[in-house]
Structure formats: structure tokens, C-alpha cells
Amino acid sequence: MNTSVDLGGLRLKNPIMSASGTFGYGLEFAPYGDLQKLGAIVVKGLSLQPRSGNPPPRITETPCGMLNAIGLQNVGVEKFLREKLPFLPADKTPVIANLYAQGAGEFAELAAILGDEPKVSALEINISCPNVRCGGVQFGQDPEAAAFVTRQVRRACPDKPLIIKLSPNVMDIRVIARSVQEAGADIISLINTLGGMAVDIHSRKPRLANTVGGLSGPAVKPVALKMVYEVCGVVDIPVIGLGGICSARDALEFIMVGAHAVQIGTANFMRPDLIFDLVDELPVLLAELGVESLEKFRGSLETA
Amino acid sequence: MHNTCQTKSRFCDRVRLLGLDFAGHPDFVHLYLEPPSWDYTPGQFVMLRPEIWVQDPIWPRPFSICEKTPEYMRIFVQVVGRGTSLLSSAVPDSEINMWGPLGRGFRLSLDKRYLILAGGMGIAPFVGLCKEHPYPGKLSLIFGHRMDRSCYPFDELPGEMQRQSMRQTNQEDMEHFGRVLQEQIARFAFKGEILACGPMPFLQVVHKHVLETGAPAQLSVETRMACGVGACLGCVVETRSQGLVQSCVQGPVFDAGELVL
């Protein structure tokens, strides 16, 4: 079955993408599967300069999920372009750069650099990281600020599809979604992690050095599904759903509420070849359901 | 069945649990798994996640490779939390997802003498190393432990080795053990190389004394990991030359001089 999807200028052979921050620079997973099988590879969030991230402990396990406060550790855009990107199969599978910056100007500078790189197929703008002091989620919580960053990046990189990644830590995600659409976003991805916390009553300390972090994994899936459903109802641009997807069934749930594609995040930690198996399992499940095409299945949720 | 999902430089296998062997205490268990096709270097580790966990616990668990023979792969586990508790009650014949061999193991040379310092569960990576070494007489081991010695795979180590075990049950014992480590590190210093593995407070003592004496040493660190393959960035340790690095791919074995503990 043909499961290819068109995300407004970004053509994917299937709707299964990796989620930024859970798949390294893609190369980490090459020993466990064929990267060319994936719909797209979204790499770890990149900043202009390398970042060392937050002090450990940075991760802690929670029921059906985990909290992280990595703080966007990354090699920086220059080293990514020099030492990582050349080894990714960009001619066979779109490579999507995820961008993090501390201000709109820096976002634009970074977008211009990555926009010039032929092996990068699209940009995903992270206006939703809860684990850094500046930038990140402060852009994603205010519709004006989100639109401003979107416009700046759009101007700096007019030629590549622009994905804006939204935070669930907002009053009404539909407002932010509409705002970035009007500002020129081609695609919306959601959700980033939900703000969360874990503490130890024996040591009386937080379980993360950063005290608070972002919750991900199957625990957040119902929240993500609702928000994807809501956003799909108010925007005309393609939506990428993510949040706790671990199986082909989970992926189809997001597509049924309106998503064009999905990203696999925390599930990559459960088993490094899980994402590759999902690519094989998706058409099998669609066939079992008697679905003719992904296109027909998308948004087919029947509400009373 | 040996179901290999992908065959490149590393593997993710679904292996069968052949059996469990409790070492005289319900919190210490040896897991015997169907042996993988790959070979390993002592100090390398695997990630284990039973198929039955489905969505909870979400993470696999990292374990040093204790020993590998043509019949089995052996993992030594102490129950310290939910994941290890579930593993210790895993049912023989159940399927466990296992990927490895991961990380950098100990760099070894057969003609060199080694002083092995192990704290508690830190003995695990040395079991295969000592039992498979062609000249175990070149190996000395100082083993510190909290629980009874019978809980740990100590007595099975080759008799040709110089072995010393010391139990610590209180602060005084710990301080005494610290002094023994200091003396032994100073005495051995440049006769060969020191290899160490154990909990962080133990490694910090070893680290301090090897840096003081300048003795060459390789230390294996234990950190919290979500993926084991370099993606989650949870397992970082501080190094002198590169700042925070992932212990799963750049470690878990590091030169002592490179680590900031």
C-alpha cells in the first residue's frame, strides 16, 4: 500500500518520522535499521553555538513515561553540517533540522545557514522547549511572539518548508496554531513535552537537577491526541502529531484525528529498532482495517 | 528462536531467558540469556527490556556483560528498583529485547599486570575478564562489598589470582576500605594498570588516589540511561577534554585522568 504523504512541499515516502531529541543525529540508530526506510529523520535540536546542556541527573522514569531536562545539549550547527549531515542518506530520506535559538534574530541567523544547505529538506522550529532559560517555550506560549519568530524565520529561509513545533503548556493551543499559520508556517508539529516534576521524599530533592522537566512517553498520548485533534480543526496546513506514539495503532489514531504524519519520540528509547518496525507495520494494519489509502483514513474520526 | 532484527555493527536481538539463579539472596540474581552472535570486550554493556513490559517501565535497563559462553550470556543483577525487581521475577523462556555490545570496554593487553578494584555490583564486568584471561596470575583483585560475599560472583574467580575481599557494613568499615585502597593503589602504582568499577562514592575514592599517585587507571562509571545508544543524552559525565559526554558511547570505561568525578 502506498503510504506516502505530501506535507505542503515536503514529500515523505511514509508518515513515520523521528522526533527531535530522541533520535540523536540519526546516525546513532543506523546500526539498528535502515535510515532510508523512514519517512523523515528529524535530528536533535541545533543551536548556532554548541551547548553542553543541563547538569545531571537530566532524566527520570515516570509511570508510562519519563521526564527530561537535557537543556538542548548539541554539537552546534557548524559541526552538524561538517560531521553529521554528510553521513545521513539525505537523498533517500528527507533530513529535517530542528532549530533552537534564544531570540528571533538568532533563529533567523540559524535558519539562513540551514536554509542554504541542500541536504536539509525542511526546518522545524522549536518554540516549545521547557528546559532552557531563554527562548524555547516563552515564544511558544504567546501567539504574538510565536508569529514573530515564524515571520523572521520565514524571511530568513523562504525556500524550505517550515515546521513550527508547538508546546502543550498553553491556555489554548488552537490560538497559537492559527497564529503561526497566518505568520507563514507550512506545517505544524505538536506536542512537545508537558511540564512535569518528580521528587524523592527520602532525599527531599527533585529527581532532576533542573528541578522541573518535560514529560513524554505513552503517559502524554491522550493529551497529545486531543491537542492534535483540536489543531487539525482550526488550521488548513498539514499537522504532524507526536506524543507517546509506540505502535502503528497509535500512529493511526493521530492520523485518524487529522494528522498527516507522526513523529516517534520516547519509544525510540524502548527499543532502537522500534521505529523501523513501525514503518513495516503501518501498511499491514491499514490493510487489516480494510483501508484503501492513508489519505482516506486521515481525519476519518466519526464524532456523534 | 534467535530473532535478529538487524545485522550491522550492532544488534537488537529478542533473546530467550534460559534461567535465573539467585545467589543466596533474593536481591541478587544471575540472568542466563540465549547467547548473542557477537563478541564483546569486558566493560561493555547491554540494554535489556523484556517484551512483556509493553509500555511500562518505559526504559530498558543497562547491565555490564558479566560473562559469555557458547551456552549463555550471563547478566548479574541486584534488585534496586522497579526495573530490576521485574527482571528478577522474569519467567524462564520469556523473551527479552537485548541490544549490544554497547560502549567502550576496558583496553587490555595480555602481558600486562592489572590491579582490579571492584565495589559491590562493580564486580560484574570483571567476571568474564578474569575467567577468560589466559594468565590469571597477572590479575589481582580487591573487592569491597556491603552484603555477604556469597551474594557476589567472587568465589568462582580463578584461584591463581590474588584475591582479597572486604565487607563494609558501617562508616568505620568504609573508611578502613578507603585506606586499603589508597595503600594498594600506591603500592601497585606503576607495576601495571588499575581497572575499577563500582558505585560513584567508591569510584571517587579510587579516582582521587590514582590521580595522586599518577597510576594509570581505567574506570567504569555507572549512570542512569534511557537508550544506551547515544540518543537520550541522559547519561552524561564530565570529562576534562570534552566537557559533558555520553557515558553510553564514550564510556562507560574512561581513563581516570579524563574523568571529573
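Values computed for the structure shown
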{"item": "Coil-residue GluC sites (Glu not before Pro) of the stretch B:99-173, DSSP, other Cβ within 10 Å capped at 15", "result": "B:156, B:160"}
{"item": "Per-residue mean of C-beta atoms belonging to partner chains within 10 Å, peptide B:158-166", "result": "0"}
{"item": "Ascending count of other beta-carbon atoms within 10 Å, so fewest first, for A:271, B:149", "result": "B:149, A:271"}
{"item": "Kirkwood Rh, angstrom, chain B [1 / mean 1/r, Cα pairs]", "result": "18.7 Å"}
{"item": "Partners for residue A:92 among lysines (Cα-Cα distance below 28 Å; same-chain residues under 8 apart left out)", "result": "A:13, A:37, A:44, A:79, A:84, A:119, A:160, A:165, A:296, B:8"}
{"item": "Cα gyration tensor, the stretch B:112-229 - rounded (a/c under 1.5), prolate or oblate", "result": "rounded"}
{"item": "Tail weight of P(r) past 16 Å, computed on alpha-carbon pairs of the stretch B:20-85, percent", "result": "50 percent"}
{"item": "Virtual spin-label span in nm between residue B:51 and residue A:116, 7 Å along Cα→Cβ", "result": "5.2 nm"}
{"item": "Value of relative contact order over chain A, rounded to a whole percent, pairs C-alpha under 8 Å and six or more apart", "result": "19 percent"}
{"item": "Cα centroid separation - the stretch B:187-207 against the stretch B:128-148, whole Å", "result": "14 Å"}
{"item": "Distance histogram for the stretch B:10-124 (every C-alpha pair counted, 10 angstrom bins, percent rounded to whole numbers)", "result": "13, 47, 32, 8, 1"}
{"item": "Among beta bridges that DSSP assigns inside the protein assembly as shown, antiparallel share in %, nearest 5", "result": "55 percent"}
{"item": "Structure-based [θ]222 nm, the protein assembly as shown - -39500 (n - 2.57) summed over DSSP H runs of at least 4, per residue, nearest 500", "result": "-7000 deg cm²/dmol"}
{"item": "Listed residue (B:168, A:183, A:97) projecting farthest to the positive dipole end of the protein assembly as shown, Cβ model", "result": "B:168"}
{"item": "Mean separation of Cα contacts under 8 Å, 6 or more apart, over the residue count of the stretch B:3-102: relative contact order %", "result": "38 percent"}
{"item": "HN-Hα J in Hz across the stretch B:220-235 - Karplus 6.51, -1.76, 1.60, θ = phi - 60°, x for Gly and Pro", "result": "9, 9, 10, 9, 7, 10, 9, 10, x, 10, x, 9, 7, 6, x, 9"}
{"item": "Percent of beta bridges antiparallel (DSSP, the stretch A:5-297, rounded to nearest 5)", "result": "40 percent"}
{"item": "Distance in nm between pseudo-label sites at residue B:174 and residue B:131 (7 Å out along the Cβ direction from Cα)", "result": "3.1 nm"}
{"item": "Burial ordering of A:44, A:37, A:160, fewest other beta-carbon atoms within 10 Å first", "result": "A:37, A:160, A:44"}
{"item": "Hydrodynamic radius (Kirkwood) for the protein assembly as shown, which is based on Cα pairs only, to one decimal in Å", "result": "24.8 Å"}
{"item": "Counted charge near residue B:28, where neighbours are those whose Cβ lies closer than 12 Å (Asp, Glu -1; Lys, Arg +1)", "result": "-1"}
{"item": "Convex hull volume per residue for the stretch A:5-297, taking Cα atoms only, in Å³", "result": "118 Å³"}
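No value in this document is a laboratory result; all are computed from the given coordinates. Since this is a predicted model, take the numbers as computed values, not measurements. Every residue, glycine among them, receives a Cβ derived from its backbone with ideal geometry; neighbour counts consider all protein chains shown.
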